[in-house]
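In what follows, a structure is listed as structure tokens, so that the remarks can point back to it.
The values are calculated or read from the model by the stated rules, or taken from the named source; none is laboratory data. Computed from a predicted structure; not experimentally measured. Every residue, glycine as well, gets a Cβ built from its backbone with ideal geometry; the counts of neighbours run over all protein chains shown. To get the accessible areas, we keep the full protein, side chains included, count just its heavy atoms, and leave off ligands, DNA and RNA. Shrake-Rupley method; radii C 1.70, N 1.55, O 1.52, S 1.80 Å.
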Amino acid sequence: MSIADDARRRAEALARRAARRPRAAFTAVRDHRSTRAATGTGKSTFERAALARRAASDRKQRGADWAALLADLETLPAPPELARTVATVSIERGETAAAAYARTPGADDADLVCLMLATTTAIEPHWLARLAAAVDGVTVTAAAPTAVHPLRGASRATPHDGRVRTVGLVVDVADDAPVLRAPDAGAAPSASTGAPVPIEGASAACVVVDRRALDAAGGIPETADADIACYELTRRLRARGGQVVAVPSAVVVDERSVRTRRALDEPVPTDTMAWRGYVDAHGPELLRAASPLPTGSLRIAFTVAAPSDKVAARWGDWHLAQAFARSLRKLGHVVRVQTFDHSDDLAARASDVHVVVRGLRSVRRSPGQAHVLWVISHPEHISERECDDADLVLVASTRFADELRTRTRTPVEVMLQATDIERFNPRVADPQHVHDVAVVAKSRDVFRPAVAAAIEGGLRPAIYGSGWEQFVDKDLLVRDYVDNEELPVVYSSVRVLLSDHWDTMNAWGFVSNRVFDALACETPVVSEDLPEVDELFEGTVLTFRNASDLRAVVDEALADPTAARARAAEGRAIVVERHTFDHRAAQLLEALERNGLMPAASSS
């Protein structure tokens, strides 16, 4: 590299670093807690003002509806007097339902337990007796009232005043993730002597539970959000065969304020730690109940190492996972592929199976789903703890799989890389990509062995990839990036493709995905020496140990291109027979079944 080229490269690097500083400063200011607090306060003030304006527009009608509700309640016949003991558990602000239950005298001995927020109030005296009468402890194990918003003063009024807050809660799906909804929210309230109506779950506004059924269901769930605790309790009651009902003649007032329409429809915000923890523990069950899949179908999430959607297309593991997903979808499964920055998205945590295509960083597991680690590179970064936390470890190397079995209690199986033969197949050569010798790879700031050996051996490989300026003559650089959809044409056009591996991948026998893709295009491939290459491809890929070896095998391929292409065609046949993503999809499902990781409820 000339002095001028070196100076230009240093100047470009300096400019990039200088450009990063303002962006970093802007991000720091934007994300600072004081900025977020100010933004949140302004947004909240604006929303309250908007609600007050909307509330004024129909206040007369809501007042009339409220009067009609009170009139209905007055005409209801009085229920029988309570014949069973009821322990009322009042949940204070900031208190968990479990803590409130623990401090309530007599709760462990009562026949019925009434869980309710301290801010829930009554508007007629018989609401509790009506709820208690509906709970027989055998068929019906819990009952909930209609919870309504109060009529507030003009300065605090909202469009929800006097309307239904919740009759019951249901799990719905939003953005492929579970969410709790109040389907009756916003309706005009009414009271009647109609029969109790089965519901999916109850909120913390109020629910009366048979105490023995509560104990059998494991007690009050430990969670910081009272609504989640009450919903989960009623979900457990239903799982044990008990009905949860809403009683039309029982009405209470839920005094909690609601500042947005979304908060009315979704009483439990999905961005809270409590909801995220709930999805971590129960997300797959919730999603299967809300949106059942056909028998045997799974929801599978793939998380890859690419840091964001913005750069995903330039990362090989992104395309690898997309190809894997296409093969799984053909088998009837629902598959999402996401970059590393989405690894904690609720949709991924609520999938039945989370497959982490392991790159440089680990991804935490969720206890409610099967967590599968697929090690395709960088074996030096895999820890025993990460393997122990997984339910299944798949490794793209027999040698490293054998090593991991001595270091973890988790089942370890071999699952090699593969190719998508619908994309990677022989194409008509494109003159602009015809080269005697080519390399398609990023340097990643390393003078990679295949390129170093080629140049030492007197070859001048055409290079597709970024980061090579510091190592090679710029005249060798063709393009710094090739779109994955264009790769088959590039591979089909070159006469010999060079391939190599990271040192640790070479040491542990990981065969590059590039070899599978190029062979699928019937491209003659020359790879650094690796026993697994010969084993997998049965001599259809030529190998080298040093620069003279490389020069010799390349000269051989170029001297007889017909023989070289015929050898590559034999390699393609091996790939098609054994190493497609259709094969890997079947292998993954078999491994899940073999290791007891197929959720029974997925067939509902």
Assign one of three labels to region 495-594, namely rounded, prolate or oblate, based on the Cα gyration tensor with a ≥ b ≥ c the square roots of its eigenvalues; rounded applies when a/c is under 1.5, prolate when it is not and a/b is larger than b/c, and oblate otherwise.
oblate
Extended-chain gain in nm, criterion 0.36 nm per residue less alpha-carbon gap, GLU384 and ALA566
61.1 nm
Longest exposed-site-free window of the chain, the sites being chymotrypsin sites (Phe, Trp or Tyr not before Pro) in a DSSP loop that have at most 14 other C-beta atoms within 10 Å
1-446
Can you tell me the 0 to 90 degree angle between the C-alpha axis of helix 59-75 and the longest principal axis of the chain, rounded to 10?
60
Tell me which aspartates and glutamates have Cα within less than 12 Å of LYS60's Cα, excluding those fewer than 8 residues away on the same chain?
ASP161
In degrees, nearest 10, range 0 to 90: what is the angle between the Cα axis of helix 316-330 and the longest Cα principal axis of the chain?
60
Two pseudo-spin positions, 7 Å from Cα along C-beta at ARG361 and at ALA174, lie apart in nanometres by 2.7
Rounded to 5, the percent of DSSP beta bridges in region 85-205 classed as antiparallel
55
Cβ-defined net charge surrounding GLU538, 14 Å radius [Lys, Arg +1; Asp, Glu -1]
-2
Taking a probe of 1.4 Å and leaving out DNA, RNA and ligands, the chain shows per residue an accessible area in Å² of 45
FRET efficiency estimate (nearest 0.05) - Cβ-Cβ, ARG261 to THR406, R0 41 angstrom:
0.10
Defining a contact as two alpha carbons under 8 Å apart and six or more residues distant in sequence, what relative contact order in percent does the chain show?
11
Can you pull the one-decimal nm distance between simple spin-label points at GLU590 and GLU92, each 7 Å off the Cα toward Cβ?
6.1
Theoretical ellipticity at 222 nm over the chain - DSSP helices of four or more residues, -39500 (n - 2.57) apiece, nearest 500
-12500 deg cm²/dmol
Under the 0.36 nm per residue contour assumption, what length would be gained going from the current alpha-carbon distance of ASP215 and GLU74 to full extension?
47.2 nm
Burial-style ranking of 546-557, 204-215, average other-beta-carbon count within 10 Å with highest first, yields 204-215, 546-557
DSSP-defined antiparallel bridges as percent of all bridges, the chain, nearest 5:
30
Once you order the gyration tensor axes a ≥ b ≥ c over the Cα atoms, which shape class does region 186-238 get: rounded for a/c under 1.5, otherwise prolate or oblate by comparing a/b with b/c?
oblate
Pairwise FRET efficiency - ALA188 versus VAL311, Cβ, R0 = 51 Å, nearest 0.05
0.50
Magnitude of the Cβ-charge dipole of the chain, K/R +1 and D/E -1, about the Cα centre, nearest 20 debye?
2260
